[in-house]
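Bear in mind these aren't lab numbers, they're just calculated from the coordinates by the rules spelled out. Note that the coordinates shown come from a computational prediction; the quantities given were computed from them, not determined experimentally. Note that we place each Cβ from the backbone using ideal geometry, even for glycine, and neighbour counts take in every protein chain shown.
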């Protein structure tokens, strides 16, 4: 099962964001967050928020175990470019391109079994062993049956 988080129109150039994406790809969530915390890049902030968001999506929406989550896919695509003009000598104008990025992070992990499922399995195992009751419960049943007679 894969959980995703998407950030669109991030004000960082895709070429610079891909440097951080390569560091995070393939790592476990906790390890990726530790690495991003000490990384001196503007896009590290965006990736930290995305990893946390994708992890929250995985736990809440897909019942995945947070400790087993791993960064499986990281995509950095180009977003729209803001075009500005810089005045230069002799009345000329030079273009300034302010690039943006669309960043997508996908996490994959193991699904958590719910308590109800675990209890059903536990009862099935006890039933197959023939140990339906514990020692104290068996004593109570035998005392009750003696009182009835």
On the formula 1/(1 + (r/R0)^6), with r taken between the Cβ atoms of residue 9 and residue 85 and R0 of 25 Å, the FRET efficiency rounded to 0.05 is 0.70
Please give, to one decimal in nm, the separation of the simple spin-label points placed at residue 28 and residue 97, each 7 Å out from Cα toward the Cβ.
-> 4.1 nm
Between the modelled labels at residue 38 and residue 57 (7 Å from Cα along Cα→Cβ) the distance in nm is 2.9 nm
